[in-house]
Amino acid sequence: MFDEDVPLLGYRKRQQWIPSRIIICIMMFTACWTSYMCRLQMSILAVPMIKTAQDKQELSGACVRSAEEAARVNADKNRRSVPFGSIHDPEDFHAIFQRDTNDTGFPGLNGTFRSDSEAPPPAGMHLFSGHPFEWTPFIRGQLISAYSWGNVPGNFIGGVLAQKYGPRQAILWSSLAAGVISLITPILAHVSWMLLAFSRVIIGITGGITFPACHTLVAKWAPPDEKGRFVWTLQGGTFGSIFLFGMISGIAENINWESGWYIPAIMMFVWVIAWYLFAWDSPEEHPGISEAEKNYILESQAGVVQKEKPSLRETPIVKIMTSIPFLCLILCHFGNLFLLFFYQNGMMLYQTKALGFKLTKGGVVAGLPWASRVIFAFFFGWAGDVVKRKQWMSITLLRKTATIFSHLLPGLCLIVVGYLGCSFFWANVFLVLALGFNGAASISNLSNNQDLSPNFAGFLYGIMNSIGCLSGIIISPVVEEVAGKYGNPIEKWRLLFWMGASVCISCMAIFIVGGSGKVQSWNELKPREEEAGGSRK
């Protein structure tokens, strides 16, 4: 359908002052941003579009922000407990009719009254109404985790597709599919929650394709001394999370939750056009790259990265799956993703249900840790490249040292958060620090597959991300089981923080014991001419 041999208008002129590899970095950054946008939608919009019985309980175990507010709430409760006929004070009468929208009725009356937002939804399909669905915590947990059910096989599929067809086509078509599904999601939700869950599985598959494909681009485009900064561009999803939480929750609160699906879908379609115009699989295929830049990239990669795309038949799958350094990397990556999915799938519930923030405010606060992760990751990526260039330590020691920041310190911060209770300020400070330190993953588990095998970097990342994304399947149902069905009290979240910290730290310990930063012997491929000649003998 697309003619990739025709140079696009303006390439030659632009490339005189913008290196092609910078454009590729920008496109990878935005690809990860759009992938996270589709990933986060359900965990954010689950709050306004789903009302459980536990959510309707007053305060539902959430923190009360001040003694003054606590007194007001208790006074309101006392007023509401007075029979309607005995009310004489106009302020009491006004308080009853102006109560919080979480209340469901008037004690002491023969009938039950609801505010408009609490009214039962009309029969049939009611798009743009903003009516929430009365689903259970179990359903909410399944809907949030459904993305990961698709993301697990999607990462393996992504590694295969990127290797066979190239990352440009793999990301192009998967992103287009994600945009279409996002656009029709409100309709699917009104038909059946199971159909909505299935659509999230499909979006999970499309999202799984993005990161292995981007790792293939890193392997093809990054000079060795710039690899840390190239990997940093995969923080585009993290960067998007900074304002995606606030943006999507703001749309849902000020317009309706349906628009929280429509607007990102339109943004995805616009981005797909940009990806088609500016993304290319390798320096050799780029129609506008300068000869000087192309030669610089290829010469710096000489002897390590093969020019041809390796076929599946050439992929040493058995050696890869029995490699101790790679198996340790898989577990290290699992610990990292367990932390990330814990934030993605649980923080909106923690901020709005446990700490008691309003939807938009909770979305903004939930996005702050992602801002710190982008900033810290940029610093760690730059520092890692400096260490490699000056050879201050071996690659193996660099990767293992980085896990202290990416895994150990975040785990300790989570434990601290569990004991801070309703201290809004300090709880969020340590949540920001936890994900900020995790930015060091850009030079630990997120770079180590490039060390072990540049030729199969995308394929390796597909495997490790498939296994790592199992954590996304686990976390949401566990959060609902441990805390959600009890109204999200702080005490229950303390147990969840301990669980997250334990997984993160134990996976780091395994990588320190068995991990490696050396290129593995199975990275080398025989020239195809030799294989053909050998097969004829």
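Just a few scattered comments:
- Every residue from the stretch 1-48 that is at pLDDT 50 or above, aromatic (F, W, Y) and either under 21 Å from E284 (Cβ atoms) or assigned to a loop (DSSP other than H, G, I, E, B) (or both): W17
- Among the residues listed as I157, I255, I202, the single one being surrounded by fewer than 24 Cβ atoms within 10 Å (Cβ to Cβ), under 18 Å from L337 (Cβ atoms) and either out of contact with any Cys (no Cβ under 9 Å at 6 or more places or on another chain) or not β-branched (V, I, T) (or both): I157
- Scan the stretch 504-518 for residues that are surrounded by 19 or more Cβ atoms within 10 Å (Cβ to Cβ) and not hydroxyl-bearing (S, T, Y) and the total you get is 7.
- Scanning the stretch 457-471 for residues that are more than 16 Å from the chain's Cα centre (by Cα) and either within 8 Å of F156 (Cα to Cα) or at pLDDT 85 or above (or both) yields a count of 3.
So that you can scan it fast, the table gives a plain yes or no per residue for (1) at pLDDT 80 or above; (2) assigned to a loop (DSSP other than H, G, I, E, B); (3) farther than 30 Å from D281 by Cα:
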position	(1), (2), (3)
N102	no, yes, yes
P107	no, yes, yes
S117	no, no, yes
P122	no, yes, yes
Q142	yes, no, yes
A146	yes, no, yes
G150	yes, no, no
P153	yes, no, no
G159	no, no, no
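- The residue of the stretch 222-243 that is farthest from V152 (Cα to Cα), among those that are crowded, with 24+ Cβ neighbours inside 10 Å and among the hydrophobic types (A, V, I, L, M, F, W, C), is A222.
- Every listed requirement among (1) crowded, with 23+ Cβ neighbours inside 10 Å; (2) closer than 23 Å to L368 by Cβ; (3) at pLDDT 85 or above is met by S476 save one, (3).
- Among the candidates Y147, Y165, the residue that is touching a helix residue (DSSP H, G or I) at 6+ places or on another chain (Cβ under 6 Å) and either farther than 30 Å from K388 by Cα or surrounded by fewer than 23 Cβ atoms within 10 Å (Cβ to Cβ) (or both) is uniquely Y147.
- Taking residues in the stretch 378-396 that are farther than 13 Å from P224 by Cα, and partners anywhere that are among the hydroxyl-bearing types (S, T, Y) and outside any helix (DSSP H, G or I), the pairs with Cβ atoms closer than 8 Å and at least 6 places apart or on different chains are T396/S516.
- Condition met for A265 (of a type outside the set (D, E, K, R) and surrounded by 22 or more Cβ atoms within 10 Å (Cβ to Cβ)): no
- Helices (runs of 4 or more DSSP H) wholly inside the stretch 408-525 containing at least 1 residues that are more than 20 Å from F341 (Cα to Cα): 424-437, 445-452, 457-468, 490-514
- Residue list for the stretch 419-436, filter: surrounded by 24 or more Cβ atoms within 10 Å (Cβ to Cβ) and within 18 Å of the chain's Cα centre (by Cα): L431, A434, L435, G436
- For the stretch 162-179, a residue qualifies if it is modelled with pLDDT under 85 and either under 13 Å from G208 (Cβ atoms) or not in a helix (DSSP H, G or I) (or both), and exactly one does: A162.
- The helices (runs of 4 or more DSSP H) found entirely in the stretch 213-319 that carry 3 or more residues being at pLDDT 85 or above, farther than 30 Å from Q41 by Cα and of a type outside the set (A, V, I, L, M) are 291-300.
- The selection criterion, being over 21 Å from the mean Cα position of the chain (by Cα) and aliphatic (A, V, I, L, M), does not hold for I266.
- Looking across the stretch 192-217, the residues that are touching a residue at least 12 places away in the same chain (Cβ under 8 Å) and over 17 Å from C469 (Cβ atoms) come down to W193, L196, F198, S199, T216, L217.
The values are calculated or read from the model by the stated rules, or taken from the named source; none is laboratory data. Predicted model, so just to flag it, every value in this text is computed and none were measured. All Cβ positions, glycine included, derive from the backbone under ideal geometry; neighbour counts span all protein chains shown.
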